[in-house]
Amino acid sequence: MTAPAATPAGKAGDVADGLVDVDPYDDGTPGGIPTYDWNTAPKAEFATRRQLRAMGLRPGGHGPAAELKCRKCSFKPLTECRHKALLFRIDLAKKVRPMTWAKEVALDKAMAARQTCPSCGRRYYYCLPLKTLGMCVPCHDDVPADPTHYTLPRTGHHLAA
Ligand SMILES: [Zn+2]
Ligand SMILES: [Zn+2]
C-alpha cells in the first residue's frame, strides 16, 4: 500500500475549479476577495468607507471584504477596472468615536501655541517658526501679514459690549 501522493495545494491552472464562484474576467483580486459589478453588491452586507462614514461607522479592524467595479467598467466585462471601490462588511463595522470636547480643546490649544505669534497675537493657519524666529515672519521682517493667512487675535472671553 502506498500513501497517496501529496498533491501540492493551491496549484491552479489546469484544474477546472467549478466549486468556487470565480469571475473569469477578474485576474487576481488581492487577498482573494470577491469583486462585484456596479450596483450588484448586497447593500445590506457591504458598504464603502464613505458609506460607512455616512452611517456613523468605520471599518472595524478588518480589511475590505469585497471590491466594487466602477460604474463605467461594469458595462465592459473585458476591461479590468482600475478604479475599484473597496467594500467593507457592515456587520463588522464599528461606531465612529466622536472626538470628545476636552480632547478637541486640548488639541486646539496645542495647535494654537504653535500657530500664534507672541508678538502680534495673530493666529496663523500654519505653524510658525517660533523656535528660530520666535515670531511670525511678517513681524520678523516687519512687513504686513497676508490677511488670508491668519485669524484675528483672540479678544478676551466676552465680546465688547
Ligand atoms: Zn473602472
Ligand atoms: Zn507676528
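Where a number appears in this text, it was derived from the coordinates with a stated rule and is not lab data. Computed from a prediction, not measured in an experiment: that's the story for all the values here. Here Cβ is always computed from backbone atoms with ideal geometry, including for glycine, and neighbour counts include all displayed protein chains.
Would you calculate the separation in nanometres between label points at ASP108 and MET135, each defined as 7 Å from the Cα along the Cα-to-beta-carbon direction?
Each label point lies 7 Å from its Cα, and together they span 2.8 nm.
Excluding same-chain residues fewer than 8 positions from LYS69, which lysines have a Cα within less than 26 Å of its Cα?
Result set, ordered by chain and number: LYS43, LYS84, LYS94.
Computed over the Cα atoms of segment 30-95, what is the ratio Rg over Rh, Rh following Kirkwood?
Checking Rg against Rh, the ratio lands at 0.99.
Roughly how far apart, in whole Å, are the Cα centres of segment 40-88 and segment 119-145?
With segment 40-88 and segment 119-145 each reduced to a Cα centre, they are spaced 46 Å.
Could you list LEU107, LEU87, LEU78 in order of exposure, starting from the residue whose Cβ has the fewest other Cβ atoms within 10 Å?
Least crowded to most crowded, the residues run LEU78, LEU107, LEU87.
List, in order, the whole-Hz ³J(HN,Hα) value for each residue of segment 84-95 obtained from phi through the Karplus relation with A = 6.51, B = -1.76, C = 1.60 and θ = phi - 60°; use x for Gly and Pro.
Result, rounded to whole Hz: 5, 9, 8, 10, 10, 6, 5, 5, 9, 5, 10, 5.
So which chymotrypsin sites (Phe, Trp or Tyr not before Pro) in segment 27-135 are both in a DSSP loop and have at most 14 other Cβ atoms within 10 Å of their Cβ?
Counting only loop positions with at most 14 other Cβ atoms within 10 Å, the chymotrypsin sites (Phe, Trp or Tyr not before Pro) in segment 27-135 are PHE75, TYR125, TYR126.
Nearest 0.05, what FRET efficiency do THR40 and LYS94 give at R0 = 35 Å with Cβ-Cβ as r?
That pair, THR40 with LYS94, gives E of 0.85.
Excluding LYS103 itself, calculate the net charge of residues whose Cβ lies under 15 Å from the Cβ of LYS103, where each Lys or Arg counts +1 and each Asp or Glu counts -1.
Every neighbour counted, the sum reads 0.
Which ³J(HN,Hα) values, rounded to whole Hz and listed in residue order, are derived for segment 139-151 from phi using the Karplus coefficients 6.51, -1.76 and 1.60 in 6.51 cos²θ - 1.76 cosθ + 1.60 with θ = phi - 60°, glycine and proline given as x?
Listing the rounded values in order: 5, 5, 8, 6, 10, x, 7, 5, x, 7, 9, 8, 9 Hz.
Give me the extension gain from ASP146 to LYS76: residue separation times 0.36 nm, minus the current Cα-Cα distance, reported in nm with one decimal.
My answer for the length gained is 20.1 nm.
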